[in-house]
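The values are calculated or read from the model by the stated rules, or taken from the named source; none is laboratory data. Since this is a predicted model, take the numbers as computed values, not measurements. Methodologically, a virtual Cβ is constructed for each residue, glycine included, from the backbone with ideal geometry; neighbour enumeration extends over all protein chains shown.
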Amino acid sequence: MPSLINTTVAANYGAMSKQDTYGTGAAFSAFGTRPLRLLKVVLSSGSLNDLRYQDGTTSSTSYADANSLFGQVVRAMQTNAEIYFVGQPDATSFLALVAGDTVDDAATSSNTAGTTYGQLAATIKATIDNRTAASHGAGAAGTATTVTITASGTAANTNFFVGAALGTFA
């Protein structure tokens, strides 16, 4: 076969084409690996749900402690997505990098792939709202939590990684 070097055909081999597989959006995330999706998990309303503390309320404890609220939320996420990275939480949120082809992004009452993350949010909410003080520390039974999950690579959150900085989630 003749060499294609220095032809217009060969120029396409080095093109940085954005991948949009598994609905992960137009991002450069699959270099011989699974396509990745960055999720932002936010807790709001409810009680005793501060992710920085083991029991969700006491400042003398840590999110890194055994059976911490943060640890329980991450383990709940693992039932609905293959996780590659989890960032340090603040009081109400954290970021997680997941495999785009394993995350459950269906609506709460659906089993069809979508973009709402209702199933994943419901799993996290059930974990938080069903804690018991006896097994997770004083005051650990959180209630009425609202869980919101947004993803990078969507129409609302395109070009999340730009330059050396992070964009913002809508």
Mind checking which residues of segment 95-135 are in a helix (DSSP H, G or I), of a type outside the set (A, V, I, L, M) and within 26 Å of Asn67 (Cβ to Cβ)? Gln119, Thr123, Lys125, Thr127, Asp129, Ser135
When you go through (1) more than 15 Å from Asp50 (Cα to Cα); (2) surrounded by 12 or more Cβ atoms within 10 Å (Cβ to Cβ); (3) of a type outside the set (Ser, Thr, Tyr); (4) modelled with pLDDT of 80 or more one by one for Asn130, which number turns out not to apply? (2)
Any chance you could count how many residues in segment 83-92 are part of a loop (DSSP other than H, G, I, E, B) and either under 10 Å from the mean Cα position of the chain (by Cα) or free of Cβ contacts under 8 Å to residues at least 40 places away in the same chain (or both)? 4
In segment 30-49, which residue that is surrounded by fewer than 22 Cβ atoms within 10 Å (Cβ to Cβ) and part of a loop (DSSP other than H, G, I, E, B) is modelled with the lowest pLDDT? Ala30
Sole exception among (1) in contact with a strand residue (DSSP E or B) (Cβ under 9 Å, 6 or more places away or on another chain); (2) farther than 23 Å from Pro35 by Cα; (3) of a type in the set (Gly, Ala, Ser) for Gly100, by number: (2)
Matching entry among Ala140, Ala122, Ala113, Ala155 (being within 15 Å of Gln72 (Cα to Cα) and modelled with pLDDT under 80): Ala140
Inside segment 54-80, can you point out the residues that are in a loop (DSSP other than H, G, I, E, B), free of Cβ contacts under 8 Å to residues at least 40 places away in the same chain and of a type outside the set (Ser, Thr, Tyr)? Ala64, Asp65, Ala66
Being under 23 Å from Asp104 (Cα atoms) and either surrounded by 19 or more Cβ atoms within 10 Å (Cβ to Cβ) or small (Gly, Ala, Ser) (or both), is that true of even one residue in segment 60-70? yes
Restricting segment 93-115 to residues that are hydroxyl-bearing (Ser, Thr, Tyr) and within 12 Å of the chain's Cα centre (by Cα), which is farthest from Ile83 (Cα to Cα)? Ser93
Kindly list the number of the only condition in (1) crowded, with 16+ Cβ neighbours inside 10 Å; (2) more than 17 Å from Ala151 (Cβ to Cβ); (3) at pLDDT below 80 that fails for Pro89. (3)
